[in-house]
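Undergrad: Encoded as structure tokens, here's the structure I'll be asking about.
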Amino acid sequence: MKFNHVVLNMPNINGIEKKIQSALLKTADAVKTDVQQSGTMPFDTGALQNRSTFIDSSKVSDYSVAVVSDTPYARRLYFHPEYNFRQDKNPNAGGEWFEPYISGAKKDYAQKVFARFMKGG
């Protein structure tokens, strides 16, 4: 069988791209919410967890989103799990709060959530 040309259905392709971007944003928001609800982020006044952690969607058109904590102390707290974190407000508070999503028990979480959003859930 020989094909001379291929016709792309650009409206359908554009629709799929929009769905992917939407699913990425929803997935990042789900990860952010899960981190907040798991009680693993240090919590004193709530600035880090509630006001300074957000979804960076500036590169969503390149299929890249990120959950970002942009306070000056976020990096220091994240990379120093040996600190004595108060745990009266977040019982699991400590450093490296994204580690379960990178290589720990929740490493498949984002993939599963993304797949659910792509299926329409």
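Undergrad: What are the residues in segment 10-39 that are basic (Lys, Arg), under 12 Å from residue 63 (Cβ atoms) and free of Cβ contacts under 8 Å to residues at least 40 places away in the same chain, if any?
TA: Initially, segment 10-39 is screened for residues basic (Lys, Arg), giving 18-19, 26, 32.
Adding the requirement that they be under 12 Å from residue 63 (Cβ atoms) leaves 18-19.
Residue satisfying the conditions is 18 alone.
Undergrad: Of the residues in segment 3-46, how many are hydroxyl-bearing (Ser, Thr, Tyr), in a loop (DSSP other than H, G, I, E, B) and either under 19 Å from the mean Cα position of the chain (by Cα) or surrounded by 10 or more Cβ atoms within 10 Å (Cβ to Cβ) (or both)?
TA: Counting residues in segment 3-46 that are hydroxyl-bearing (Ser, Thr, Tyr), in a loop (DSSP other than H, G, I, E, B) and either under 19 Å from the mean Cα position of the chain (by Cα) or surrounded by 10 or more Cβ atoms within 10 Å (Cβ to Cβ) (or both) gives 1.
Undergrad: So for segment 69-91 (the condition being part of a strand (DSSP E or B) and either touching a residue at least 12 places away in the same chain (Cβ under 8 Å) or more than 14 Å from the chain's Cα centre (by Cα) (or both)), does at least one residue qualify?
TA: Taking every residue of segment 69-91 in turn, at least one turns out to be part of a strand (DSSP E or B) and either touching a residue at least 12 places away in the same chain (Cβ under 8 Å) or more than 14 Å from the chain's Cα centre (by Cα) (or both).
Undergrad: Filtering segment 48-68 down to residues that are touching a residue at least 24 places away in the same chain (Cβ under 8 Å) and part of a strand (DSSP E or B), which residue is surrounded by the most Cβ atoms within 10 Å (Cβ to Cβ)?
TA: For segment 48-68, the residue satisfying everything is 67.
Undergrad: Working only within segment 46-73, note down all residues that are of a type in the set (Lys, Arg) and in contact with a helix residue (DSSP H, G or I) (Cβ under 8 Å, 6 or more places away or on another chain).
TA: none
Coordinate-derived values only; no laboratory data. None of the values given here were measured: they were computed from a predicted structure. When we count neighbours, we look across all protein chains shown, and the Cβ atoms used for this are built from the backbone with ideal geometry, even at glycine.
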